[in-house]
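Let me begin by presenting the structure, written as structure tokens, before commenting on it.
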Amino acid sequence: MLLLLFFIALIFSWIITYQIRRWAIKKRLLDMPNQRSYHTKITPLGGGLAIVACWYACIAALRFMEPDLMPDNLAYALLPGILLVFLGIKDDAIQLSPWLRLLIQSMTVGISMYLLGGLSKIDFGTFVIDNPVITNGLAFITFLWFINLFNFYDGIDGNLGTESISICLMSLIFVCPNALIFLIPCVGGFLKLNWQKAKIFMGDAGSTFLGFNFAVFGIYLQNQCNISIVLWVVICMVAIFDTTYTVARRIIYKENILTPHKNQMFHRLVSSGFSHQQVVLIQQSLNIIVALGTWYAFNNQTMILPVALGILAVFGIYAVWVEKRFSWKHNNQPVGFMSTDFENKNEVESQHGI
């Protein structure tokens, strides 16, 4: 029955994504190329709604079929994610204030953390932080960052969808009842239409929702299965490092982190000549190192911190390589758009009656 649920979710995710694409074109929910974009074609938004719909359907099914995979506290903690979905839809349609987004995100995080019982501890293998003020303070900030970093990471075709599937697969390293395997078909159906050249984009509703889910599972696995949340951060390292490194550099260079840009490492690899698919594969090759390191640290708990630091060092080398291929300063030049933008706009409008 669980295998059947997996394939049903995959099929329905693809069907719903296709229907959302048609709806988005009709309702003019479209992504216009801007300074952050690597596409020149006006593309429908909202594909993340298919992920959301299928994932919540899987949660409901698992509550009935396999409650060990989806216990009450986990299911309830995942429900506030719907607030981020509505926020993302609104933000895709009209640009909302960053402070309003932060307020609603904070409310969502607070509710979910309360339903999870907070974060019990932060286990580094050789020492543990269990002061509730410190653990919950750090967990709240990290939770918020997960929501936003996954949103920033959604910048080229297939990038976030592929990384999300990799995280779900790597979570199987931890020997613990884990429902995340059923997020794979929910993302996979969408990814079929999001692979280069993408026919639909995820939108904020999907990207922030994925970050929210991964943060919830990180806290849940630490509390219920005693799986170090440090290891959970490690398996999300590809997305975490790219975004955190970029934001930190923009702050150092006194750039406005809220403005569109092409400074993420995946952006610069595309600018250096790689295709979207090649960049996705390059970044996913890093997950081989991440998975091996996580597996080793999970089976040798005293090595959690050394492994985490070692993987950070590998990503540091990766950052140097990216810098050599396409240095930061090139991305601070004004970005123009090809004349095909307007041709594509006319094509979309003529074909779909917009």
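The values are calculated or read from the model by the stated rules, or taken from the named source; none is laboratory data. As the structure is a computational prediction, the values presented were derived from the model and not from experiment. Cβ: placed from backbone, ideal geometry, glycine included. Neighbour counts: every protein chain shown.
Annotations for the structure displayed:
- Qualifying residue in segment 234-252 (condition: of a type in the set (Gly, Ala, Ser) and in contact with a helix residue (DSSP H, G or I) (Cβ under 9 Å, 6 or more places away or on another chain)): yes
- In the set ILE94, ILE82, only one residue is at pLDDT 95 or above and among the β-branched types (Val, Ile, Thr); that residue is ILE82.
- Filter pass, ILE20 being at pLDDT 90 or above and in contact with a strand residue (DSSP E or B) (Cβ under 8 Å, 6 or more places away or on another chain): yes
- Set MET265, MET202: member being of a type in the set (A, V, I, L, M), closer than 24 Å to ALA179 by Cβ and at pLDDT below 95: MET202
- Residue in segment 70-91 that is surrounded by 18 or more Cβ atoms within 10 Å (Cβ to Cβ), of a type in the set (Lys, Arg) and closer than 12 Å to ASP204 by Cα present: no
- Residues that are over 26 Å from LEU116 (Cα atoms) and of a type in the set (Lys, Arg) number at least 2 in the following helices (runs of 4 or more DSSP H) confined to segment 1-79: 2-26.
- Verdict on LYS254 being surrounded by fewer than 21 Cβ atoms within 10 Å (Cβ to Cβ), part of a loop (DSSP other than H, G, I, E, B) and in contact (Cβ under 8 Å) with a residue 40 or more places away in the chain: no
- Note on segment 189-210: residues that are in a helix (DSSP H, G or I) and within 23 Å of PRO80 (Cα to Cα) total 9.
- Criterion violated by MET107 - all others in (1) aliphatic (A, V, I, L, M); (2) crowded, with 18+ Cβ neighbours inside 10 Å; (3) farther than 20 Å from LEU258 by Cα satisfied: (2)
- Counted residues, segment 272-314 - those being surrounded by 18 or more Cβ atoms within 10 Å (Cβ to Cβ) and either out of contact with any strand residue (DSSP E or B) (no Cβ under 8 Å at 6 or more places or on another chain) or within 30 Å of PHE326 (Cα to Cα) (or both): 15
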